[in-house]
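One structure below.
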Amino acid sequence: MFIQPYSQQELRFAYCYRVYLRWRTHRARPLAPLGMLDQSVLEIIAGKYGIRVLECASNATDLLVLVSLKPEETISACAGKLKGQLSKWLREALQLTQPAELLSNGYFACTVGKSPREAVERYLRRQGGHHGYAERPLPPVFVESYELTEEDEAGILPNHSMVVAQFHLVLATKGRRGVFGSQEGRAVAAAWRNLQASLRAALIKVSFLPDHVHLAIRTHPAVSPAGLMERLMNSAQQVIFENFAESILQAGVEQLWQPSAYIGSYGDLTSPQLRKYIHNFVGEADVAGSVKLHEGSSWHLEFSGDSL
C-alpha cells in the first residue's frame, strides 16, 4: 500500500504559541539604556523576524518579555534573534566601538497559554467521557500518561539555559473518519515514544479517540512545533498503514490525517498571569525572581555570573 507522506509546507495550523523569556546582563553589570527600553523599541527589533511582543519590562540588569511566535519558529532561534539585535541596540546606545559582552550567555524561557498545565492534562484525561465513549464495555480510546526519565530530561533541556517548552497538540483523521481503537492508539504512542530521542521531545500524555488525537508534550527549545507535528503525523501514518491496514480500508481514507492541526503552548502559569507579572515588575527588589512551574515547588531564576 502506497503511503503518501506529509510535508510541513502543506500543513496548516490553528495555534496559540506564546513564550516568556528573561535575560540578565553579563555578570549582572548595570546598563542604563536597558532600563529605558520600552515595548515600542522592542517591537521594532522583533517585528523584522515576525515575532510579536505582547508585554515587556526591563531595568538596568534584566529584560522580561512575553512573545507570540509562529509554529515554524523555535524558542532558541527566537532567543538568539532577540539577543543579537538587543546587543546591537545596546552597543549603539552606549556608543561602543568595540565588541563587548553585554548580555548573559544563558536565558530562561517557558511556554504559556490560556490554560495552565493542570487544566490541559485534566482535559486530555476526560476526553473519553466528554465524547461519550467511557461507558462502553470496550471503549475505543487509549489514554496514557508518562513520567519523564533522566534520559528524557537530558534530551529536552539545553546546556546553558533553562527552558520549559510544553505543547498541547490536536490531530484529526482524514474526513474525521473513525480509525483509532485502543490497539491502534497504543501502537502509535509506542512508536512516538521510540522516536523521542530523535524528536528531541518527550510525551507527557496522549488521548486517542476514533477520529482525533490529543497530545501533551515537552520539547527542546531548538524544536519547532510545526516540524515536530510533521514527524509525528508521518510516524503515526506509517504505523497504521503497515500494521492496521484493515482500519484504513474500513475508514475509506488514503491518508491518515487532515493536513491541518492545532498547536497550543501552555505552562504552569497562564498568559494573563505572566502579563500581570511583567507589567508589575519592579526591578530593584527582583534580583532573583521565581516562576512557579510545578505544583508544590518553584524553579528559581537565579543568575550567577553570566549564566542563568
*Can you find a residue in the stretch 65-88 that is at pLDDT below 90 and farther than 26 Å from Leu209 by Cα?*
no
*How many residues, within the stretch 14-57, are in a strand (DSSP E or B) and either farther than 17 Å from Cys78 by Cβ or over 24 Å from the mean Cα position of the chain (by Cα) (or both)?*
4
*Name the residues in the stretch 74-104 that are over 24 Å from His279 (Cβ atoms), crowded, with 18+ Cβ neighbours inside 10 Å and under 16 Å from the mean Cα position of the chain (by Cα), would you?*
Thr74, Ser76
*Single residue of Gln9, Gln4, Gln85, Gln39 found to be within 30 Å of Ser247 (Cβ to Cβ) and either in contact with a Cys (Cβ under 8 Å, 6 or more places away or on another chain) or touching a residue at least 12 places away in the same chain (Cβ under 8 Å) (or both)*: Gln4
*asked:* Suppose we filter Ala288, Ala261, Ala251 for residues that are of a type in the set (Gly, Ala, Ser) and modelled with pLDDT of 90 or more; which single one remains?
replied: Ala261
*Among the residues of the stretch 149-184, how many are closer than 20 Å to Val112 by Cβ and touching a helix residue (DSSP H, G or I) at 6+ places or on another chain (Cβ under 8 Å)?*
8
*Please find, within the stretch 212-250, the residue that is surrounded by the fewest Cβ atoms within 10 Å (Cβ to Cβ) out of those that are in contact with a Ser or Thr (Cβ under 7 Å, 6 or more places away or on another chain) and over 16 Å from Val170 (Cβ atoms).*
Ala222
*Only one of (1) over 24 Å from Val164 (Cβ atoms); (2) surrounded by 13 or more Cβ atoms within 10 Å (Cβ to Cβ); (3) at pLDDT below 90 is not met by Leu256, so which one is it?*
(3)
*asked:* Scan the stretch 191-198 and tell me whether some residue there is assigned to a helix (DSSP H, G or I) and touching a helix residue (DSSP H, G or I) at 6+ places or on another chain (Cβ under 6 Å).
replied: yes
*Go through Val206, Val223, Val239 for me and flag whichever is at pLDDT 90 or above, within 27 Å of Val179 (Cβ to Cβ) and in a strand (DSSP E or B).*
Val206
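The values are calculated or read from the model by the stated rules, or taken from the named source; none is laboratory data. The structure presented is a predicted model; accordingly, all values stated were derived computationally and were not measured. Because the Cβ atoms are built from the backbone with ideal geometry, glycine has one as well, and the counts that use them run over all protein chains shown.
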